[in-house]
Structures are given as C-alpha cells and as structure tokens.
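Here's the structure we're looking at; comments come further down.
The values are calculated or read from the model by the stated rules, or taken from the named source; none is laboratory data. Quick caveat, the model's predicted, so the values are computed rather than measured. Using ideal geometry, Cβ is built from the backbone for each residue, glycine included, and neighbour counts are taken over all protein chains shown. With ligands, DNA and RNA removed, areas are computed over all heavy atoms of the protein, side chains included. Shrake-Rupley method; radii C 1.70, N 1.55, O 1.52, S 1.80 Å.
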Amino acid sequence: QKRQLLEARVQREIARNGATNLASTSLPSGTLPGVPYSADSGFVVFWDFVSALPRHVAQCNLVYALYDGPKMRGAVKSLPVCDCEPEPGGLARALFAIRRQFMHTPAHQDLQLVVEVQHVIAPAGGPG
C-alpha cells in the first residue's frame, strides 16, 4: 500500500509539473525527516523510479558506481531487484523508492554517479 501511495504521489507531481520540471521539494525526498543538509556528512541519492522500459521486462535492478573525477570511490553496488509493472503506451516501469547515503562524501563538481539499468531474467527451470 505504501508503494501505491508513493506511486500515486509521483504521478500527480508528473502530471502537475511535467516529467522534466519536478520541484526539489515536490516528491517525498523533499519531506524526509532529519537534520538540514551538511556537506560533511555526505549526500543522499533518492532512487524513485525507472520508466519507459520495454513491456517484456518483468524485473530490473540498478547498478551504480561513484567516481571522483577518474577515480572510483568504493565498489560497484546494486539496489535490490524490483518488479516492473505495466505503464501506459505499451511500456513498463519499476518503482524503487529507496535512498542511499554516501557518508563523508561532500558533493562537488568532479563527483559523478554512473548508473545502469539491468534487466533481470529468471532462470528457465524456475526456483530450486
């Protein structure tokens, strides 16, 4: 139910502001409790959703790596696998609704986050 509420809120914001004009405080990430932002404590990435996936994609995940210029900071990591659901126009979407904090990593111009969407294919024989 929480997922459905979040999805409805995201869809309302997209309808109100357009897909490319979302305000920084209009989605749940802008209303999370906590102390004000501090560069010394790092930064937080809010993984909301992936849309416009091919309809045949039943599950996907996001794999990411953080770079400081050409130097990778830490290992390549991934989010949990997420089920996809139909989206208008014959496409699919995945609603992650997860946040990740990068501790003691102040945001600056050379910091880059590289993200890849991966299609998860279940084994042919099924579980077991």
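Can you name every residue in segment 52-73 that is closer than 18 Å to Gly42 by Cβ and either in contact with a Gly (Cβ under 6 Å, 6 or more places away or on another chain) or in a strand (DSSP E or B) (or both)? Show your work before the answer.
Going through segment 52-73, the residues closer than 18 Å to Gly42 by Cβ turn out to be 64-69, 71-73.
Across segment 52-73, the qualifying residues are Tyr64, Ala65, Leu66, Tyr67, Asp68, Lys71, Met72, Arg73.
Is it the case, given these coordinates, that Val76 is modelled with pLDDT of 85 or more, outside any loop (DSSP other than H, G, I, E, B) and open to solvent by 80 Å² or more (accessible area, probe 1.4 Å)?
Numbers: modelled with pLDDT of 85 or more: yes; outside any loop (DSSP other than H, G, I, E, B): yes; open to solvent by 80 Å² or more (accessible area, probe 1.4 Å): yes.
Judged against the criteria, Val76 is a match.
Determine, yes or no, whether Pro86 is exposed (fewer than 12 other Cβ atoms within 10 Å of the Cβ), modelled with pLDDT of 90 or more and closer than 18 Å to Glu7 by Cα.
On the way: exposed (fewer than 12 other Cβ atoms within 10 Å of the Cβ): yes; modelled with pLDDT of 90 or more: yes; closer than 18 Å to Glu7 by Cα: yes.
When the stated conditions are applied, Pro86 passes them.
Checking the conditions here, which among Arg3, Arg9, Arg93 is in contact with a Phe, Trp or Tyr (Cβ under 7 Å, 6 or more places away or on another chain) and either at pLDDT 90 or above or of a type outside the set (S, T, N, Q) (or both)? So that I can check it myself, show each step before the final result.
Details: Arg3 fails: in contact with a Phe, Trp or Tyr (Cβ under 7 Å, 6 or more places away or on another chain); Arg9 fails: in contact with a Phe, Trp or Tyr (Cβ under 7 Å, 6 or more places away or on another chain).
After applying the criteria, what remains is Arg93.
What are the residue pairs meeting all of these: first residue in segment 2-13, first residue aliphatic (A, V, I, L, M), second residue modelled with pLDDT of 70 or more and surrounded by 11 or more Cβ atoms within 10 Å (Cβ to Cβ), Cβ atoms under 7 Å, and 6 or more apart or on different chains?
Qualifying pairs under 7 Å: Leu6/Leu95; Leu6/Ala97; Val10/Asp48; Val10/Phe49.
Identify, from the list Leu62, Leu111, the residue that is surrounded by 14 or more Cβ atoms within 10 Å (Cβ to Cβ) and farther than 24 Å from Val10 by Cα.
Working: Leu62 fails: farther than 24 Å from Val10 by Cα.
Result of the check over Leu62, Leu111: Leu111.
Pull up segment 99-119, narrow it to residues that are at pLDDT 90 or above and among the hydrophobic types (A, V, I, L, M, F, W, C), then point me to the one that is nearest to Phe43 (Cα to Cα).
Filtering segment 99-119 for residues at pLDDT 90 or above gives 112-119.
Checking the rest, the ones that are also among the hydrophobic types (A, V, I, L, M, F, W, C) come to 113-115, 117.
Working: Leu113: 12, Val114: 15, Val115: 16, Val117: 22 Å.
Checked segment 99-119; the qualifying residue nearest to Phe43 (Cα to Cα) is Leu113.
Just the residues that are within 19 Å of Asp48 (Cβ to Cβ) and open to solvent by 70 Å² or more (accessible area, probe 1.4 Å), please, taken from segment 90-108.
In the first step, residues of segment 90-108 are kept if they are within 19 Å of Asp48 (Cβ to Cβ); the result is 91-102, 107.
Within segment 90-108, Arg99, Arg100, Gln101 meet the criteria.
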